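The values are calculated or read from the model by the stated rules, or taken from the named source; none is laboratory data. Small disclaimer: the values here were computed from a predicted structure and weren't measured. Positions of Cβ are generated from backbone atoms using ideal geometry, with glycine treated the same way; all protein chains shown enter the neighbour counts.
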Amino acid sequence: MPMAALIIACADGRIADPVSRLLESLEITDADRMFVPGGPLVLTRPGMERRVAMHCIADMVDVHAARRIILVSHQDCSFYERALGGLGFDQQELLERDLRRVKMLIENDFPEIAVSCYVIPWRENGAGGAAFGEAEPVD
Ligand SMILES: [Zn+2]
């Protein structure tokens with residue numbers, strides 16, 4: 001039986017496909033999903049937002065005995081942009097820093113859970129347009 005998992009990602013519908021492909025590549029078929037604006041962003045915010053989010057995580061971990069949490073952020077995130085008043089050129093760095101912080105936070109509260117982090121890049125696609133690429137792991 002596969003290890004129960006929980007995925008926390010941005011609610012942005014444009015990343016639905018890369019998120020599905022990531023879960024497929026990790027051979028996770030029935031992950032619980034916490035899709036909120038900005039994904040892990042909500043856990044970087046102090047006070048009520050983080051408390052509510054941590055409470056949701058605790059409930060989901062409890063109900064399905066999750067042993068693994070997948071954190072997914074993505075470039076070109078409108079919610080991130082709104083929350084921070086712009087993303088600038090260092091958005092990858094910012095997303096990675098937040099992912100590492102949130103990973104530590106979760107591991108602190110749930111030491112038995114393995115947390116892994118991914119970023120979905122927004123890239124030029126060569127045809128003059130841009131699109132989301134495949135999720136890439138963040139150490
Ligand atoms: Zn987003």
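Structural remarks
- Residue within the range 22-32 that is of a type in the set (Val, Ile, Thr), over 18 Å from ARG101 (Cα atoms), over 13 Å from the mean Cα position of the chain (by Cα) and surrounded by 14 or more Cβ atoms within 10 Å (Cβ to Cβ) present: yes
- When TYR80, TYR118 are checked against the criterion of being of a type outside the set (A, V, I, L, M, F, W, C), more than 28 Å from GLU27 (Cβ to Cβ) and in contact with a Ser or Thr (Cβ under 9 Å, 6 or more places away or on another chain), TYR80 stands alone in meeting it.
- Filter result for the condition that a residue is surrounded by 11 or more Cβ atoms within 10 Å (Cβ to Cβ), basic (Lys, Arg) and at pLDDT 95 or above, over ARG67, ARG45, ARG82, ARG97: ARG97
- Hits in the range 17-56 - residues which are within 13 Å of the ligand (Cβ to nearest atom) and of a type in the set (A, V, I, L, M, F, W, C): VAL19, PHE35, VAL36, LEU41, VAL42
- All of GLU112, GLU107 fail the test of being surrounded by 14 or more Cβ atoms within 10 Å (Cβ to Cβ) and acidic (Asp, Glu), apart from GLU107.
- Exactly one residue among LEU6, LEU71 is within 11 Å of the chain's Cα centre (by Cα), within 14 Å of the ligand (Cβ to nearest atom) and closer than 18 Å to GLU107 by Cβ, and that residue is LEU71.
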